[in-house]
Amino acid sequence: MRKGNALLRLCLTLLACCLLPRAARAQEREPLEVYQARRAALQEKLGDGLLILLGNEEPSGSEAFFRFRQESNFYYLTGYDGPGAILVLAPPLPSSHSNSSAESSSLPREILFLPRRDPQQEKWKGPQLDPADPAAAAQTGFAVIKEAESFENELRRYAAAYRVVYTLLPDPHGFQVQRALEKERVEPLRAVFPSADMRDARKAIARLRQVKSETELELIRRAVDCTEGSLQAAAKELKPGLFEYEIAALIEYTFKRTGCLWPSFDPIIASGPRSTILHYDRNTARMESGELVVMDVVGEYSRYAADITRTLPVNGHFTPRQREIYEIVLGAQKAAMKAIRPGVKLSALQKIAYNYINSRGKDRHGERLGKYFTHGLSHHVGLDVHDLAEPSAELQPNMVITVEPGIYLPEENLGVRIEDMVLVTKTGGVVLTEKLPREVAEVESWMKR
């Protein structure tokens, strides 16, 4: 009966949400001029090297189970969101290359390769852009568009002129599947350019991606709006007896209703002892009175992510021990945020947060709490929730980072994490996720019914 009542309350909440004015927006893309400017900036960074980027292919298996997602670096430079595309950027070679310079001058500087239309596939997946259609240039911002099937032959025209080729080489820090895919993509390029110096373009692209444009910031703010709204809905509904998946369902419903069609990853709703598991993803447990619940929520609007975490008492009130740990985590976050400004490195912020936690409070055995802060404090956010960036780079204006200290005490079934997003400015940092309460009294008031 308890579960039935909880489900009824959840259904009534969803019905009430349906009666509210809709805040959803259409999915957006930045202006074509923005992507063109990025390609020009990247060519300047790469010098006289040829850039070849392969977009993602349609995933194997039924489209009912596998959603296509464009490779993020490819999307950042093109804005093109269809499968099977390829980008080639060919900067002019200096006159010192003599014959190569003359040969390269007749080649297109930018080519977008697209798969030719497949009428049979279009019956299942809808119309696709035709590379032979003159209107494709206006839709993509590329003056030269060719069929992907001609890619290898076209590439051989560049092979004699360019001695340096940039692409995405296998990332030693990436997932195994990602490394295998990148290796598979590089091998055919090596066959066409057997004597070329093959270099990784990732670092040069990272230097661009880590500093956000104004149009990117607007999309990130909209992702923040969706994510804040989902957490507000969750906090209003949260009560003992609900299952974690019920709150996760409400969060995902709110995402989609307000324009965040996909989460960057499934919501983490980790209550009680599960709050000490950093990436808990089962969301199957019943939440009990006296427990805390860590809600790590990542909405995505028009490909751009937000990343926010709140730790809430399931019954609306912190116990004295929960309050103690929560306020230490919050204090560490405030100390790190206060230090944010151009020129500071993420490693310095990490040290500030760690030292704050390690100098306050003790575990059950009288030992310091620093060892229970077991993850990084910050990461960049953008097209990916853990966005491409140079880890050792100094902060610059228009970078967007998270600040997310945590303490995880498995022996006490007690985990706390507070995560907010901060925009680096010329003079410091601005919290983008300020609508959600963080102070203990504010959180308890927020959850009152």
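Please list, in chain and number order, the residues 5+ apart from GLY241 or on another chain whose amide H is under 5 Å from its amide H, with Hs placed from the backbone.
Here the answer is MET287, GLU288, SER289, since their amide H atoms fall under 5 Å of that of GLY241.
Return the FRET efficiency for the residue pair ARG321, LYS426: r is the Cβ-Cβ distance, R0 is 56 Å, and the value is rounded to the nearest 0.05.
Values: r = 41 Å, r/R0 = 0.73.
Plugging the Cβ-Cβ distance into 1/(1 + (r/R0)^6) gives 0.85.
Between ARG116 and THR374, what is the FRET efficiency for a Förster distance of 56 Å, r being their Cβ-Cβ separation, to the nearest 0.05?
Rounded to the nearest 0.05, the efficiency is 0.65.
Which net charge results when you count Lys and Arg as +1 and Asp and Glu as -1 among the other residues whose beta-carbon is under 14 Å from that of LYS45?
Result for the local shell: +3.
For the range 404-414, take each phi angle, set θ = phi - 60°, evaluate the Karplus expression 6.51 cos²θ - 1.76 cosθ + 1.60, and give the result in whole Hz per residue in order, putting x for glycine and proline.
Coupling constants for the range 404-414: 9, x, x, 10, 10, 10, x, 5, 10, 6, 9 Hz.
Under 5 Å between amide hydrogens, which residues at least 5 positions from LYS345 or on another chain qualify, with H placed 1.01 Å from N in the peptide plane?
Those lying under 5 Å, H to H, from LYS345 are LEU395.
Using r as the Cβ-Cβ distance of SER213 and LYS123, and R0 as 35 Å, what FRET efficiency do you calculate, to the nearest 0.05?
0.35
What order do you get for 368-381, 428-441 when each peptide is scored by the mean count of other beta carbon atoms within 10 Å, highest first?
Put in order of decreasing packing, that is 368-381, 428-441.
Could you give the length gained by full extension between GLU394 and ALA137, i.e. 0.36 nm per residue of separation minus their alpha carbon distance, to one decimal place?
Extra length available between GLU394 and ALA137 comes to 88.7 nm.
Suppose we take every Cα in the chain and form the convex hull; what volume per residue is that in Å³? Mind dumping the intermediate values first?
Details: hull volume 76.0 nm³, N = 449.
Looking at the chain, the number lands at 169 Å³ per residue.
Restricting the count to DSSP beta bridges whose residues both fall in the range 32-209, what percent are antiparallel, rounded to a multiple of 5?
In the range 32-209, approximately 45 percent of DSSP beta bridges are antiparallel ones.
Explain nothing, just the number: relative contact order of the chain, from Cα pairs under 8 Å at least 6 residues apart, as a whole percent.
Once divided by the residue count of the chain, the mean separation gives 13 percent.
Let me see the P(r) profile for the range 32-209: every Cα-Cα distance counted, bins of 10 Å, each bin given as a percent of all pairs.
All Cα pairs considered, the percentages come to 9, 36, 37, 15, 2, 0.
Please rank THR311, THR425, fewest neighbouring Cβ atoms within 10 Å first, as an exposure proxy. It would help to have the intermediate numbers written out before the result.
Details: THR311 27, THR425 14.
With the sparsest Cβ surroundings first, the list reads THR425, THR311.
Tell me, what ³J(HN,Hα) does each residue in the range 145-158 have, in order and in whole Hz, if you take phi through Karplus 6.51 cos²θ - 1.76 cosθ + 1.60 with θ = phi - 60° and put x for Gly and Pro?
10, 10, 5, 4, 5, 9, 4, 5, 5, 5, 5, 5, 5, 8
According to a simple spin-label model (label point 7 Å from Cα along Cα-to-Cβ), what is the distance in nm between HIS386 and ALA191?
The two pseudo-label positions are separated by 3.3 nm.
How long is the gain from LEU169 to VAL34 if the chain were fully straight, where each residue apart is worth 0.36 nm and the alpha carbon distance is subtracted?
Taking 0.36 nm per residue and subtracting the Cα distance, the gain is 46.1 nm.
When the Karplus curve 6.51 cos²θ - 1.76 cosθ + 1.60 is applied with θ = phi - 60°, which whole-Hz ³J(HN,Hα) does each residue of the range 79-88 get, with x for Gly and Pro?
So the J values, rounded to whole Hz, are x, 8, 10, x, x, x, 8, 9, 10, 10.
In nm, what is the difference between 0.36 nm times the number of residues separating SER445 and ARG179 and their Cα-Cα distance? Present the calculation step by step, with values, prior to reporting the outcome.
Details: separation 266, 0.36 × 266 = 95.76 nm, distance 4.75 nm.
91.0 nm is the gain from fully extending SER445 to ARG179.
Tally Lys and Arg at +1 and Asp and Glu at -1 over the other residues with C-beta under 12 Å from the C-beta of LEU181: what net charge comes out?
-3
Treating the angle as unsigned and between 0 and 90°, give the value, to the nearest 10°, between the Cα long axis of helix 214-237 and the longest Cα principal axis of the chain.
30 degrees
Every number in this text was worked out from the coordinates using simple rules, so none of it is lab data. If you're wondering where the values come from, they're calculated on a predicted model, not measured in any experiment. Positions of Cβ are backbone-derived with ideal geometry, glycine not excepted, and every protein chain shown enters the neighbour counts.
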